[in-house]
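Written below as structure tokens is the structure these notes are about.
The values are calculated or read from the model by the stated rules, or taken from the named source; none is laboratory data. The structure displayed is predicted, hence computed values, not measured ones. Ideal geometry is used to build each Cβ from the backbone, glycine not excepted, and the neighbour counts take in all protein chains shown.
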Amino acid sequence: MTAAPIRVALADDQALVRAGLRALLQGQGVDVAFEADSGAALLERIATTPVDVVLSDIRMPGLDGIDALAALRARGDATPVLLLTTFDDSDLLLRATDAGAQGFLLKDAAPEDLREAIMRVAAGETLLQPVSTDPVRARYRFHDDRAPRETFSDREVAILRLLAGGYSNKEIARSLFLAEGTVKNYVSAILDKLGTRDRTRAVLKAITLRVI
């Protein structure tokens, strides 16, 4: 039996962009359930038309993509959200993460990367690629008397890099030839060393500390 296609809500204030994304996604077997030209329109439509993933531009007039995301989360809607932007901006990355975005992707990403990103966030993963490391480091600096890189083993650094790529514990275990339980222990140790409570913040902090 063939699996049902992933249903996506597409939000962008530019009609041509929406048309291009719709054609691209439909050609890849992704079903665009509805389109919205603003964050407000997205909130109204998704209330009656559930989807698997919201694919939204970040910068839109009025209620932008991040504000719409925050409003979704505030009303208890946990639909995975993948935010698209033409701006490689560290502020937007952190705002998107704080608001509860599962993915953050530049609009110039390859079509196959966009499809993979949708599949990953639909499966419950977090996608941070691409992360512009220099702007993030310049904008967000964590002060620590320790030499950050020296406090992490090579294996922990390898796991952090895979976390930054959105890989699950199972995928990391397979890639590094480890037991999944061992990877979970490593991730817990990494979160403890970085003083963070989630994987996304751990990756962002590791970037600013130049651990990865």
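Here is how the numbers come out for the structure above:
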quantity	calculated
Test: residue in region 78-93 that is modelled with pLDDT of 80 or more, more than 22 Å from R18 (Cα to Cα) and in a helix (DSSP H, G or I)	no
Total residues in region 186-203, condition of a type in the set (S, T, N, Q) and exposed (fewer than 13 other Cβ atoms within 10 Å of the Cβ)	1
Helices (runs of 4 or more DSSP H) (entirely within region 124-201) containing at least 3 residues that are farther than 22 Å from L83 by Cβ and at pLDDT 85 or above	154-164, 169-176, 180-194
Qualifying position, being surrounded by 18 or more Cβ atoms within 10 Å (Cβ to Cβ) and within 18 Å of the chain's Cα centre (by Cα), among A99, A78	A99
Among the candidates S188, S168, S175, S153, residue that is touching a Leu at 6+ places or on another chain (Cβ under 7 Å) and not aliphatic (A, V, I, L, M)	S175
